[in-house]
Amino acid sequence: MNFDEFCEIALKLKNLPLPGEESHYKMSPAERIQWLKQNNIKKINPKRAGVMALFYPDVYMQTRLLLILRKTYEGVHSNQIGFPGGKVEKQDKDLMHTALRETHEEVGVPPSSVQVIRELSEVYIPPSNFMVQPFMGIYPNPQPFVPQEDEVEQVVEAYVKDFLDDANLIEELLSTSYAKSINVPAYKLNGYTVWGATAMMLSEIRELLRQVL
């Protein structure tokens, strides 16, 4: 998809109602949905985080979506695909500030260069006990990404046209925090399996875009 065309479409998303849980459930295994219904998230007192779904043009003016492959480490999100972002710090004014700051730290995108389109529906992540607030942003004049050495293994630049293509919707046998060896809905982008909370956020973006395409 041409980036100028995408920007026109993106502006139409600002006032659309969010699909929310309905879109998240499309990329959730039944076991996760059941777990969420059986647990009161507010009582768990989750930590807060902000992430940024960043759209930008490549050299051919085709629209790309930025994802990152996280480093292998001793933690629940080791070696997983996700959006740039992270937990709230004391100096953050709000969750949008968190998402922009973390995107700057993880991939070198200056906050002033991002046009935030809108916030999306928050997603709870059971294994790390985070309530994550995603945002959509446009990066019209991208500079080379600078991955944070200790956090980011690789920058993954997916085409929006691939993300919108039903052929890239898959199911894969995975183990999660709430079940072992279950079929999990996912996206196959640039050879990577994108699942879990990131896939749920992408599902909402996908539904919003499809309303205006």
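The values are calculated or read from the model by the stated rules, or taken from the named source; none is laboratory data. None of the values given here were measured: they were computed from a predicted structure. For neighbour counting, all protein chains shown are included, and Cβ atoms are generated from backbone atoms with ideal geometry for every residue, glycine included. Just so you know, the surface numbers come from the protein's heavy atoms only, side chains and all, with ligands and any DNA or RNA stripped out. Shrake-Rupley method; radii C 1.70, N 1.55, O 1.52, S 1.80 Å.
Relative contact order for the range 48-110: 35 percent, from Cα pairs under 8 Å spaced at least 6 residues apart, divided by residue count. The trypsin sites (Lys or Arg not before Pro) found in the range 105-193 that occupy coil by DSSP, while having at most 15 further C-beta atoms within 10 Å, are 180.
Simple point charges give the picture: +1 on the Cβ of Lys and Arg, -1 on the Cβ of Asp and Glu, and for the chain a dipole about the Cα centre of about 720 debye.
Each Cα pair under 8 Å and six or more residues apart adds its separation to the average, and for the chain the resulting relative contact order is 28 percent. Helix-only arithmetic for the chain: the sum of -39500 (n - 2.57) across DSSP H runs with n ≥ 4, divided by the residue total, places the mean residue ellipticity at 222 nm at -8000 deg cm²/dmol. A cut-off of 5 Å between modelled amide H atoms, ignoring neighbours fewer than 5 places along the same chain, links residue 152 with 71. Computed from backbone phi with θ = phi - 60° and the Karplus coefficients 6.51, -1.76 and 1.60, the 3J(HN,Hα) list for the range 19-28 is x, x, 4, 4, 6, 4, 5, 5, 10, 10 Hz; x is used for glycine and proline.
Quantify, in whole percent, the carbon and sulfur part of the accessible surface of the chain (1.4 Å probe; protein heavy atoms only). For the chain, the apolar C and S fraction of the accessible surface comes to 48 percent. Comparing Cα centroids, the range 79-109 and the range 133-206 end up 16 angstrom apart. Take the range 110-159 with all the other protein chains still there, run a 1.4 Å probe, and you get 47 Å² of accessible area per residue.
Here's how it looks for residue 116: its modeled amide H is under 5 Å from those of 138, which are all 5 or more places away or on a different chain. The calculated FRET efficiency for the pair residue 173 and residue 207, based on their C-beta separation and a Förster distance of 22 Å, comes to about 0.30. For the range 1-116, the relative contact order is 22 percent, taking Cα pairs closer than 8 Å that sit 6 or more residues apart in sequence and dividing their mean separation by the residue count.
Averaged over its residues, the range 1-108 has an accessible area of 55 Å² per residue, based on protein heavy atoms and a 1.4 Å probe.
Using the Cβ-Cβ distance between residue 164 and residue 128 with R0 set to 25 Å, the FRET efficiency works out to roughly 0.30. The convex hull built on the alpha-carbon positions of the range 71-173 has an orientation-averaged projected area of 8.2 nm².
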